[in-house]
Structure formats: C-alpha cells, structure tokens
Amino acid sequence: MQLTRASVDESKYILATYYVKSKTNLFDAAMAIAIGQSVGNPNIRNKWETDELFDNHSCLIISTEEQNVSLKDNKSGSVIIAFPIINTNWKEDGISHLLCQLMGGQLDIDIIEKCKLLDITIPDEVEKHFYNPKYGIPGIRRFTKVENKPILGAIIKPKTGITPQTLGAMVEQLVEGGVNFIKEDEILSNPSFCPLEERVKIITSIIKGTNVIFAHCINGDPHTVLKRAKLVHKLGGNAIHVNVWCGLGVYNSIRKLDLPIFMHFQKSGDKIFTNDKHDYAISWKVVCKLAGLMGVDFIHAGMWGGYMSNTKKELTDVFNILHKRKVMPVLSCGMHPGLVGAITKNFGNDYMANVGGAIHGHPQGTLAGAKAMRQAIDGNFGEEYNAAISKWGLVY
C-alpha cells in the first residue's frame with residue numbers, strides 16, 4: 001500500500017529516502033525493499049506471517065510524488081521506506097544493524113537495478129540512545145583557544161616508515177609552527193618499527209602544556225580499536241584517528257566508552273560505497289549524519305580546490321549537516337596556504353584546514369610550512385607564506 005507521509009507516525013519509524021531504478025516498476029521495487037528488509041521473502045508469503053506481525057514489524061512505503069502519482073507508473077524515482085524502530089535493539093544493535101536493514105538484501109534482488117540511500121530521518125526515540133560529540137566544535141575551540149577562524153591541522157608525512165623519534169622531531173616543529181591539531185596518517189597504525197604505545201608516550205610529553213590536539217591512528221578490527229582507544233587515554237593522549245574501513249559502527253562503540261579524548265573520522269576509502277556514480281550507494285551526507293549521531297568530533301568532510309575537490313553545493317550541504325551536529329568539518333587532500341582565503345570566503349570559518357604535503361613540502365621545510373599555514377589563517381603574511389604562494393599559487 002502506498003501511503004502519504006502525513007499518515008505515518010514518524011516517531012515510530014526511521015524514514016529512509018532512496019533513489020531506485022526497477023526492471024518492472026517503482027512500486028514492485030519499493031515493495032521488495034519494504035518486505036525484504038523487514039518481515040520476509042520479498043516474493044513468497046508463509047503461514048507464520050500474521051496480520052499482527054505485519055502491522056507491527058513490516059516497513060511501509062511512502063510516495064514522494066507531490067501529486068500522489070502511483071509508483072506503478074514509473075520505473076525509477078524517489079521513494080521513502082519507513083523502518084519500524086521496534087525491529088532494532090537501539091542500545092546494543094546500533095549503527096551496524098541499522099545499515100544492515102537500510103542497505104542489505106535489496107541489493108541482491110534482480111528487479112532492482114539501482115538503489116541509492118539519499119537521506120534518513122531519525123526520531124527522538126532513537127536519538128536518545130546515541131551520545132553525539134563529547135566535545136564537538138565548541139569543545140575543540142575551547143581546548144585550542146581558537147575562535148572566529150579556521151582550526152589549523154597538520155598531517156604526519158611520510159605516512160609510514162618513520163621511527164617514534166622521527167615522529168617526535170616532526171611534531172616539535174609542527175607545534176613550534178603554530179598548528180592546533182596534528183593527526184597521524186591512516187596508513188600508520190601499530191607497526192613494529194613505530195609502535196603505538198611508544199608513540200603516545202613521546203607525543204604526550206611533547207604536547208603537554210600546549211593547546212594542541214594530537215590524533216593517534218588506532219586502525220584495526222573493532223575489538224583492537226577499542227583496546228587502543230583505552231590505551232591512548234591511559235597513556236595521556238588526547239585524541240584518536242579512526243579510518244572508515246574500521247567499520248561505521250566502531251565510532252559509536254568508541255564514543256560509548258565515554259573517554260575524555262577527541263575522535264577524528266577519516267574518510268579515505270568511503271567512495272567504494274558513497275560514490276553517486278555507482279548503481280548502489282549510500283550518500284556521503286547520510287554517513288555524515290550518522291557520524292554526528294555516533295559522536296565524532298572531527299570528520300574529513302571533503303575538499304574544495306585540492307586534488308580532491310567537491311562542488312560548492314556538495315560541501316555546503318555537508319557543512320550544514322555537520323554544523324547542526326556540532327561536528328568540525330575537516331578539509332584535506334590538497335590544502336595549501338593559497339586556498340585558505342577562498343575557502344573561508346565560500347564556506348565560513350567553522351572548519352579545520354588539514355595539511356600534509358603543503359606543510360612538509362614547503363621549500364624551507366616543515367617548520368616553515370606550518371608557519372605559512374598559520375600566516376594564511378591569521379592574515380599575518382610573512383616570508384614563509386610568500387614562499388608557499390610562489391610554489392602553490394593563490395586562489396581568489
């Protein structure tokens with residue numbers, strides 16, 4: 001049955017908006033999703049499926065057509081599926097099981113040629129089981145003592161192969177250069193030549209007494225990531241960096257440890273499932289909503305004008321979602337001093353400019369590279385900034 005949104009009690013459902021293309025018609029595809037992702041086989045009914053079971057546990061189909069055009073008249077288009085929240089133990093099942101429902105068995109159904117999750121609406125009854133950011137934008141700005149301008153972030157390069165001592169020497173220069181945040185690259189986790197425990201001890205001693213956030217990479221399988229998050233806190237670290245390949249639900253698990261550390265969500269690899277060019281995809285905007293719900297403080301939101309570059313509209317939409325959740329958007333992948341002014345003009349100052357190559361690849365070295373970025377953000381241009389502009393150019 002095709003329902004209108006006004007006829008559904010939204011407090012009892014998560015509403016998922018899809019773009020779907022069907023071999024037959026949109027109604028058939030929507031029905032396959034609604035039935036197949038809740039009570040049973042999308043094509044075959046059985047005696048165990050009572051009316052009461054369907055009433056309480058089946059998904060509902062809601063047309064997004066403004067004039068109530070039948071879904072049977074179209075092979076492709078948008079449709080909203082309402083997922084009963086009763087089907088999930090929100091305290092324990094969390095994000096992983098939610099995604100199993102939202103983007104699961106329908107990807108195996110032959111009549112569905114394309115299925116893209118475009119948006120989700122989450123009721124308060126579900127929201128209350130999630131923590132949201134422990135610090136977020138307000139806490140980040142309080143800790144770093146940076147107001148009314150972008151946060152300056154730095155990335156450790158080389159990505160891997162360095163010793164803890166080399167890492168320490170690099171961090172000393174970055175701190176001296178005026179960065180507010182430093183993260184280890186996602187390639188560095190816990191290799192034998194640069195173990196996490198030794199890194200945390202060295203870095204903690206360097207940044208002690210400063211207002212610098214240092215995010216240690218703790219990538220691994222979920223049980224290991226949780227163990228490493230606890231270790232970083234125990235040894236005095238103040239932040240962690242977790243890549244998306246550790247699993248979307250792991251951010252929720254870390255946040256529910258309620259440790260007094262900042263959490264950075266690193267997106268590299270997400271386009272495997274967020275690229276809109278694919279037949280099956282989850283919108284990056286949906287991932288950002290979930291990231292805020294789960295409580296990350298920073299997220300690599302995308303980039304504008306770098307070697308990765310989103311459109312202004314794409315990035316503005318993402319910023320709006322993240323700012324609503326108090327999550328700090330991080331721009332990275334080609335950031336350099338010559339981009340800061342244009343980015344701030346287009347997107348405001350509530351973001352972090354995260355820089356790797358343009359700091360360490362500065363003609364005068366890492367310390368000068370950090371100073372050049374500091375000067376770009378503060379508007380106090382010096383010789384380091386001028387050298388960077390000569391190398392990378394200035395975008396207006």
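Any idea which of Gly161, Gly178 is in contact with a Cys (Cβ under 9 Å, 6 or more places away or on another chain) and over 25 Å from Lys230 (Cβ atoms)?
Every option except Gly161 fails the conditions.
Inspect all residues belonging to region 141-151 and state whether any of them is under 30 Å from Glu186 (Cα atoms), in contact with a strand residue (DSSP E or B) (Cβ under 8 Å, 6 or more places away or on another chain) and not assigned by TED's automatic domain parsing to the domain that holds Val179.
No: region 141-151 contains no residue that is under 30 Å from Glu186 (Cα atoms), in contact with a strand residue (DSSP E or B) (Cβ under 8 Å, 6 or more places away or on another chain) and not assigned by TED's automatic domain parsing to the domain that holds Val179.
Residues checked against (1) part of a strand (DSSP E or B); (2) buried (at least 21 other Cβ atoms within 10 Å of the Cβ):
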site	(1), (2)
Gly334	no, no
Ile343	no, yes
Asp350	no, no
Asn354	yes, yes
Gly369	no, yes
Asn386	no, no
Ile389	no, no
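Any residue at all in region 210-224 that is over 19 Å from the mean Cα position of the chain (by Cα) and part of a helix (DSSP H, G or I)?
Looking for residues that are over 19 Å from the mean Cα position of the chain (by Cα) and part of a helix (DSSP H, G or I), one finds at least one in region 210-224, hence yes.
Looking at region 294-339, which of its residues are of a type in the set (A, V, I, L, M, F, W, C), in contact (Cβ under 8 Å) with a residue 60 or more places away in the chain and in contact with a Pro (Cβ under 7 Å, 6 or more places away or on another chain)?
Val296, Val327
Looking at Pro195, is it over 25 Å from Cys333 (Cβ atoms) and out of contact with any helix residue (DSSP H, G or I) (no Cβ under 6 Å at 6 or more places or on another chain)?
So Pro195 fits the description; yes.
Return the pair list, or none, for Cβ contacts closer than 7 Å from residues in region 354-374 that are not assigned by TED's automatic domain parsing to the domain that holds Lys267 and at pLDDT 95 or above to residues that are among the polar types (S, T, N, Q) and surrounded by fewer than 19 Cβ atoms within 10 Å (Cβ to Cβ), at least 6 apart or on different chains.
Listed pairs, sorted by first residue: none to list.
Answer with yes or no whether Lys114 is touching a residue at least 24 places away in the same chain (Cβ under 8 Å), in contact with a Phe, Trp or Tyr (Cβ under 6 Å, 6 or more places away or on another chain), under 28 Å from Thr4 (Cβ atoms) and of a type in the set (Lys, Arg).
Judged against the criteria, Lys114 is not a match.
Filter region 239-261 down to residues that are in contact with a Pro (Cβ under 9 Å, 6 or more places away or on another chain) and crowded, with 21+ Cβ neighbours inside 10 Å and give me whichever is nearest to Met294 (Cα to Cα).
Arg255
Which of (1) more than 24 Å from Ile272 (Cα to Cα); (2) surrounded by fewer than 18 Cβ atoms within 10 Å (Cβ to Cβ) does Ser76 not meet, given it meets every other one?
(1)
Looking only at region 82-96, decide whether some residue is of a type in the set (Ser, Thr, Tyr) and buried (at least 19 other Cβ atoms within 10 Å of the Cβ).
No, region 82-96 has no match at all.
Mind checking which residues of region 224-254 are more than 15 Å from Leu196 (Cβ to Cβ) and either outside the structural domain of Leu196 (by TED's automatic domain parsing) or in contact with a Lys or Arg (Cβ under 7 Å, 6 or more places away or on another chain) (or both)?
Val244
Out of His264, His233, I need the residue that is under 28 Å from Glu147 (Cβ atoms) and either at pLDDT below 95 or surrounded by fewer than 21 Cβ atoms within 10 Å (Cβ to Cβ) (or both). Which one?
Going through His264, His233 in turn, just one is under 28 Å from Glu147 (Cβ atoms) and either at pLDDT below 95 or surrounded by fewer than 21 Cβ atoms within 10 Å (Cβ to Cβ) (or both): His233.
Would you confirm whether or not region 127-149 contains a residue that is over 24 Å from Gly295 (Cβ atoms), touching an Asp or Glu at 6+ places or on another chain (Cβ under 8 Å) and at pLDDT 95 or above?
yes
The values are calculated or read from the model by the stated rules, or taken from the named source; none is laboratory data. Please read these numbers as outputs of a predicted model, since none were measured by experiment. Please note: Cβ atoms are built from the backbone with ideal geometry, for glycine as well, and neighbour counts cover all protein chains shown.
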